[in-house]
Amino acid sequence: EVQLVESGGGLVQPGGSLRLSCAASGFIISDNYMSWVRQAPGKGLEWVSVFYTTGSPLYADSAKGRFTISRDTSRNTVDLQMNSLRADDTAVYYCARHSSRYNGSPVYHWGQGTLVTVSS
Amino acid sequence: QSVMTQPPSVSAAPGQRVTISCSGTSSNLGDNYVSWYQQLPGTAPKLLIYENHKRPSGIPDRFSGSKSGTSATLDISGLQTGDEGDYHCGTWDSSLSAWVFGGGTKVTVL
């Protein structure tokens, strides 16, 4: 059974940093596109970053220069390092596994989400 | 401000049909497949439709999708109280080089 379990969310002050982790089971992360998608309170979904099977990352404009996605194949985890956090980064962050290896491939599996709150 | 436009809400009585629209541009819906996600209250999204009209295993045929040009539609027939929640369209935007979503539509069963 495929499972994605996020951890690392919490309350952080503006300008601070936080590292989210996603533990995957039931599949090998290096065989899949893995993304982080967030949802601000009462808002829609917003894609943040993807880690391609080639080992390359891609970021949304809102994340460029501040967030870094990485993977650890030995632990089958995908992390999101978030720096210079702002109030508008407040959201539930979902770990996501894409169903196929092409840009636009849908997210087939979602984690339960971890809440990040940026506030003083 | 979401890249694609969805109506904020739709509603209908049990057993009836609702249609949710998703409007985009030539660089997103006009050039790429659309997916639809169901998000029930307090839960993570769930894939409902992919590649415009295909259903993952386990998704009932009450849910159907279509796409024409820069617009896409999700139809829910035989509406049930358990269908109440938010529905999001998603695709790739070739100009932004990013996955993009609509703002979401809240479905209410009257």
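No lab work stands behind these numbers, since they all come straight from the coordinates. All values reported here derive from a predicted model rather than from experimental measurement. Quick reminder, even Gly has a Cβ in these numbers, built from the backbone with ideal geometry, and neighbours come from all protein chains shown.
List of remarks:
- When we screen B:Asp61, B:Asp31 for residues that are surrounded by 14 or more Cβ atoms within 10 Å (Cβ to Cβ) and on the phi < 0 side of the Ramachandran plot, the only hit is B:Asp31.
- Strands (runs of 3 or more DSSP E) wholly inside the range B:23-110 that include at least 2 residues being within 18 Å of B:Val10 (Cα to Cα) and either away from chain A (no Cβ under 13 Å) or of a type in the set (Lys, Arg) (or both): B:63-68, B:71-76, B:105-109
- Elements of the type strands (runs of 3 or more DSSP E) sitting completely within the range A:48-120 and holding at least 3 residues that are within 16 Å of A:Glu6 (Cβ to Cβ): these cover A:67-72, A:77-82, A:91-98, A:107-110, A:114-118.
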